[in-house]
Structure formats: structure tokens, C-alpha cells
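Here the structure comes first, spelled out in C-alpha cells, and everything after it is commentary.
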Amino acid sequence: MKTTNEKPVADGTIDLSKMEKIFGKYKNVKGALIPILQFVQTEYGYLPEPVVDFISERLNISVNEIIGVATFYAQFHLKPRGYHIIKVCCGTACHVKNAKALSSKVHEKLKININETTEDKLFTFEEVSCLGACGIAPVVMIDEDIHGELSPDKLNDVLGKYEKPGVQKN
Amino acid sequence: MNTESVPLKNDTMEKSGSEAQTVVAVCLGTGGIAAGGDKVFKKFEEEIKKSGLDAAVGKRVCRTARTGCRGLCSKDVLVDVTIPGQEGLTYEKVTVDMVSQIIEEHLIKNTPVTKWLAKEDYHKFHDSQQRLVLANSGIIDPENIDEYIARGGYSALKKVLETMTQQDVIQEIKKSGLRGRGGGGFPTGEKWASGARYSADEKFIICNADEGDPGAFMDRSLMEGDPHAVLEGMIIGGYAIDATSGYIYVRAEYPLAVKRLRHAIEQAKERGFLGKNILGSHYSLDIFIKEGAGAFVCGESTALQYSIEGKRGMPRTRPPQSVEAGLWDKPTVLNNVETFGNVPIIINRGADWYSKIGTEKSKGTKIFSLTGKIKNPGLIEVPMGATIRQIVFDMGGGIPKKKRFKAVQIGGPSGGCLPESLLDSPIDYESLISLGAMMGSGSFVVVDETTCMVDMARFFMNFCANESCGKCPPCRIGTTLMLDILTRITQGMGEEKDLEVLEQMADEIKTMSLCGLGQSAPNPVKSTLRYFRDEYVAHIRDKICPTATCVALHKYEVVPEKCTKCQACIRNCPVKAISGSTKEVAFINKEKCIKCNLCYEKCNFMAIK
């Protein structure tokens, strides 16, 4: 998991104290692993190795099993991701309304492929199976905001807004 | 047993509590918010306050209200303005800039801004539906329990706890003929009866809100628009099977639904509809929300239960059935969101009344998410037995851009497509299965003549291959192999024997897979082979994609008979490879052409192949 250019948080500096809150909340709760991983995913943006080790220790579940769960679900990521997450919907309704063109636009504009992050760590590009906003297809979700009835040109403008420095999430 | 219908207090909200207020209701479902509903709502609040309408004594009192999804997301932001004593009016596609004028002219001067009112499409869309489960969606504020109660909410729960035994409830649901809305169509009453049969120290009732079918959003809209109805149905179900706790398993992609459900659970607890000794009875139930983590297969009941347990969501063999040993090996009953949404209605109005709606074997209504190449995409609720034609043409308004209807894909990746010749067939569980489709969760994707059915089949197979959990080889390997063949065909490298191989593999995967995902994964291929075999043959034998969708097979030639000389292709060509004029049919210079496909997409007359 450790590579030279992925060091937004070096191992020694990962703040494990945040974890106490969530362990407290799920103390003696059955089936707590997934909610805890979801917390980590939101809090750290990915599942850092030291945190996974820590969870393993505290919940008494092997790292092997945790990674098994983490890699099964699309929501969890083992590598750091960008500040803004672009999710191009590839559901049926979006597919028949040419969602492919939106994906090409993202690729063309940001020069990244699916599941890649831009060099400046601003954007990560993903495709998802359905966002459930089929009435306004084709849609793209950036962070928590859904943008509907897009064309490649409109998407270009939308992305432009997020490119400006200092654009905060929501 | 009391089966007489209890009238819903439909009009209490207008009469009580709010002394003749003007109400501005803004649609704030996911669709509404995406279209800027939040901003429109805020603007209305601000402007109304500024104009003094809010506080004015002696003048009309006015308030803004948020509502859930109204179904017709393509016309969002939808805003209802209801002045007391007058019929409510609906504005469509409202933007922030339109707010002041609406307030100035409609609210103050009482002259509606006619040019922005919803057009005929909106009324056609709404008037031909039969809204039972969606009756409150888009009308009430989903974050306010009082509005739900004012419209008869929780009266079914009260009736159940005060006058009905567990067996009474089960019998009533059995008699209503309600069947699972999640796809399989298993009779809900039967499921509850077998759930009630097993006793244990802990029993669970689960609401399956893992709406993974790409193209479906009725569960999301129902949870966002009327979360208390889902809770009420679930509590009644819990009572019937004597569940000790309940879980709602919601997809991670639905943050708004999660938020509104959480809120609804809090409110229901405060009012004693949930928690210990519900409404003073001996029955206690707690409901928890579990957020999914992004896996389609978790819609399968055993996989869903493993996921709640914090494990990989992989289905297991049955028996034991979930009703015997489900979540944490305890008796568990699992139903879909919409199924629970039907329960309060059945209890309130009686099974006799309910079972009159629909067809002989499929009772009640069904919500469909109507999307794809359709003029008015949105959420519709129709009685079982409605025809495809009614849905597509009467409510959906037909196909846009003067294109021709080709097929409708019902049931998503587990379902199949139905061609034009079947437009008049009724929609119910049995008819759909006999035609090679499936109710599924209720996605209804319309495709027009520009959609390639081979590509469509490839799309669904790609989805299933990605989402296969990998436990059983027929599904894991079979879907990938079928996808390979389909991809080859769409790239012009298909062989004559491919179709036979596809058919054989489809049967094998169907019979040998462990769970519903694998068993139904070949359905789109089978149904497209059944109704659109000629398209496969054209791809394989002639290396032509009849709809010119498959980019690898494009020839980029203009069909002179179809070209209207509108020059749309010429304007859009990024490399100026197309020549022509108002007098001359367009011509594509193949040496310059980079095969970007833009001309094909921009042409409204199918003149480029």
C-alpha cells in the first residue's frame, strides 16, 4: 500500500484518536465492522493500513477478513483518493442517453482513466452502476451533489466550477 | 374480523391546524434538489418574508413547504401554489429567477403566471395514474410526522395493535393478495405466516432498500417522499411475525433517503409508534438503519443478511430459508420497501377493497420508474394489468424527437425487453414471465430505434459480470464468457456459431447458478435473442449495426434519402470533415473523419450510418 508518491499522510502521522469515538459508539454492537469501515472511509478518505491494523486489534477480527470485506464492496478504497470524487452514472437510463460521452469528457478534460486520481489530487474519476436519479439522466455526481440532464459541454462547465481553487465540498 | 374500509382522512391537513394558509410547496426529492430545488425553496422563504406576507395580519398567511418526490423529475423544480378556497396550481421548471414574479403576481395579486404553469404533459402524466402507495409523496413534508398523521398516518398501526391479533394481520395480508414488490412476487402473507411459525429469543424484520437495479428509483423516492409509510408497514409486519428488532438496509448511494428515514425513526420514537410498548401495547420494536456499501448482490436476501452481519455479501444455499434461520441464524422476514408501503393501505381500507385492484393473480398497484428515451421520465404508479402502451404513450407522452418506439426493458438486468408487437400486453407477474421479462423491482427503460439491442444486452451482461460475487462458477465465469462473446459481436468479430453458444450458456447459467443474480443474468440476452435476433445476425453476418450504435461497425456515410440538409452534422464536426449546404446533401470525407461519432449523435433524422 505504501508507495513513494502517495504520501498525503505518512504512517506515523495518522491520527488514530478519531477512532475512539466510533469504537465507543459500536461497543457491543453486532455486525459493527462495515459501519466502522464506512466511518474510516469518510473520515480519512480511504482505509489506511495502520487504521485497518488498529480495527483488527480492537474488534478481534483478522486483517485478512477486514480486507476481504473492504475489497468486496465498491465503497471502500485502499488508496488515497482525490478531494472531489466524480461519479459518472452508468445505469441503464444514463447508458441509453449516452453516459459514455460524459466519461470520455472527464477523461479528455482531466487526463485520467476510471478509478484514477489527478496528479494534484483534486479529482478522482469513477463510474457507478446507478445513482437512482434516472428521471434526469444522464447524471454525474460530484461529491454529494447530483448534476442531471448533462451533455458533454454542460459537464465541462460543471467541472470547471470545481477546478477553481478553494471550492469547498458542499 | 373487521375488514370494512376505514376512510383516509385525506383533507384534514387542509382543514385543521393551518387556518387557511397559502402554501408554496417545493419538490425536494433527489431530482428536485439536482435541479436547484434547494435554492428555489430558500428564495421563496426569503422573498415571502421580505414581502411581509408571512407576518401580515389580516392578509393571507403564507408558508413554504418542502415535499418529497412528485415523480415527474424531468420537469423539476416543481412548485405547487395553493391559495385557500382555490384549486392548487403547479409551476414547472421553476428557477430562482422566477420566484419574485410568482410571488408578486400569484401570491399577492392572485393572478397566476400562466406561461410558467405546468403544461398538458404534466397533467396527463398525473391524471392517468392510480396513486395509492405514492399518495403522500410530493404532497406532505416528509420530515414532518404531523403531516403524515393528518393524512391518516399510523391509524393502521393503531388499528392493528388495538383490534387485531397477529393471525388477523397475516390473514388480512394473505387475503389482499399482496405479493413482494422486490421482483420475485412471493405472496407476502405466506412469507409472514411462515415467519410467525418459528419462535426464538430474537426475530428480525428487514426492509430491503438495496435498490441496485440500474434504472430503478421507486424505493428511493418512496423513502424520501413518505418515510413514515415504510416504517408503519414495517412495524405492522414486525407485530405480525413478533419481531424483536428491525433493520432497513439502504444503499449507500441514497444519502437523502438515509437522512429522512433516520429523522422519521426519531420522530416515531418520540410519539410512541416505535420503541418499547408501542402505543401502550405489549409489543416493542426497534428499527435500525444499515447503510449498504455498494454491492448489487446484497439485494439478494441471504447476501443482505451477511452484509448486516458485517461480512462479505455472498449468497448462501437454501434451505434453511431466512424465515427459519436468517440474520444471525434467527428467524427473519425480509420485504421490499414498496411491499411495506402497501401494508398500511391494506389494513386501513381492507383486503376486500384492495384485492379488487389489479388482475386475478397480481393485486394492487405497482410503481415503475419510467426512464430512457421517453418524453416525460418519472415515477408512475398504475394498477397491475395496465398495458405497456398506456404507460409509455399515455403517461410517458411517447418517444421524443419524433423517433420510433422500439422496445422497453422491464426489470433491469434480471428482466427482459418487450418489443413493439407486445405494446398491448398487460403488466403483471405472470404475463411478464411468460413473455421472457420479469417484474424485477420495477424499472421501465424505454428505448427507441436508435438503441442497439445487442449493445443493450452487452451492457446488462457487463453489469452482471461486474456485480457477480464470485462464489459460484456458473455465474462468475459464465457471465464473463457471455460478455466476451457479446463484446466480440458488437466489435464486428462475431461468428455464426456464437448465437447457439449464447443460448446454450444462457440456459446453463440459469439452471446452475446459486442465487437470483446468476439465475436471471442471461435474461436480457435471451429476450433480445427472442425478439431481435435479426439484429444479432446483422452484426455477425453483415458486420452492420442496424442502429449504428456500435462504434466499431460505423461506416460514417450519409443516407441521402434521410438527409434534410439541416447541416447540424457540419456544425458539430470537430475536424471539419463534413461538407454540404442547404441545397446539397452532407458528405463525409473519410480521410479527415476521426470517427468521434458526434455527427451521428447530433443528427435528428438518422441520416448517418
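Each reported figure results from applying straightforward, stated rules to the coordinates on display, with no laboratory input. On a predicted model such as this, the values are computed, not experimentally measured, just so you know. A quick note on method: Cβ atoms are made from the backbone with ideal geometry, for glycine too, and the neighbour counts reach across all protein chains shown.
Data table
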item: Compactness relative to 2.2 N^0.38 Å, alpha carbon Rg of the range B:365-448; result: 0.95
item: Extreme residue, positive dipole direction of the protein assembly as shown, given options B:Leu432, A:Gly82, B:Ala268 (C-beta unit charges); result: A:Gly82
item: Helical mean residue ellipticity (222 nm; -39500 (n - 2.57) per DSSP H run of 4+; nearest 500) of chain A; result: -12000 deg cm²/dmol
item: Stretch in chain A that is longest and holds no trypsin sites (Lys or Arg not before Pro) that DSSP places in a loop and that have at most 11 other beta carbons within 10 Å; result: A:31-110
item: Antiparallel content of DSSP bridges confined to chain B, in %, to 5; result: 50 percent
item: Cubic angstrom per residue, convex hull over Cα atoms of the range A:1-159; result: 126 Å³
item: Two-site label geometry, B:Ser284 and B:Glu591: point separation in nm, points 7 Å out along Cα→Cβ; result: 8.5 nm
item: Label point 7 Å beyond Cα of B:Arg389 along Cβ direction - residues of the range B:358-377 with amide nitrogen under 11 Å; result: none
item: Protection proxy ranking of B:159-168, B:259-268, B:276-285 - average other beta-carbon atoms within 10 Å, highest first; result: B:259-268, B:159-168, B:276-285
item: Three semi-axes of the equivalent ellipsoid, the range B:145-354, Cα gyration tensor, whole Å, largest first; result: 24, 20, 16
item: With Cα atoms, 0 to 90° folded angle of helix A:152-163 axis to chain A main axis; result: 40 degrees
item: Projected label distance in nm at B:Arg318 and B:Thr163, using a 7 Å step from Cα toward the beta-carbon; result: 3.4 nm
item: Whole-percent pair-distance distribution, where bins are 5 Å wide, for the alpha carbons of the range A:85-170; result: 3, 16, 29, 27, 17, 6, 1, 0
item: Two-site FRET efficiency, B:Val96 against B:Asp146, from Cβ-Cβ distance with R₀ of 25 Å, rounded to 0.05; result: 0.30
item: Neighbouring partner chain Cβ atoms per residue of A:83-94, average, 10 Å criterion; result: 5
item: Where labels lie 7 Å past Cα in the beta-carbon direction, separation of B:Lys109 and B:Glu190 in nm; result: 6.4 nm
item: Taking all pairs of distinct alpha-carbon atoms in the protein assembly as shown, Kirkwood radius in angstrom; result: 27.7 Å
item: Volume per residue of the C-alpha convex hull in chain B, rounded to whole Å³; result: 162 Å³
item: FRET efficiency, 1/(1 + (r/R0)^6) with R0 41 Å, evaluated for A:Lys161 and B:Val559 via beta carbons; result: 0.55
item: Linear extension gain, B:Ser434 paired with B:Ser581, 0.36 nm per residue minus alpha-carbon span; result: 47.8 nm
item: Estimated FRET transfer efficiency (A:Lys109, B:Asp38; beta-carbon r; R0 41 Å; 0.05); result: 0.95
item: Burial ranking of peptide ranges B:448-459, B:385-396, B:531-542 (average Cβ count within 10 Å, highest at the top); result: B:448-459, B:385-396, B:531-542
item: Distance violations [Cα-Cα > 28 Å] among B:Lys366/B:Lys510; B:Lys39/B:Lys406; B:Lys124/B:Lys158; B:Lys403/B:Lys510; B:Lys174/B:Lys203; B:Lys75/B:Lys403; result: B:Lys39/B:Lys406; B:Lys124/B:Lys158; B:Lys403/B:Lys510
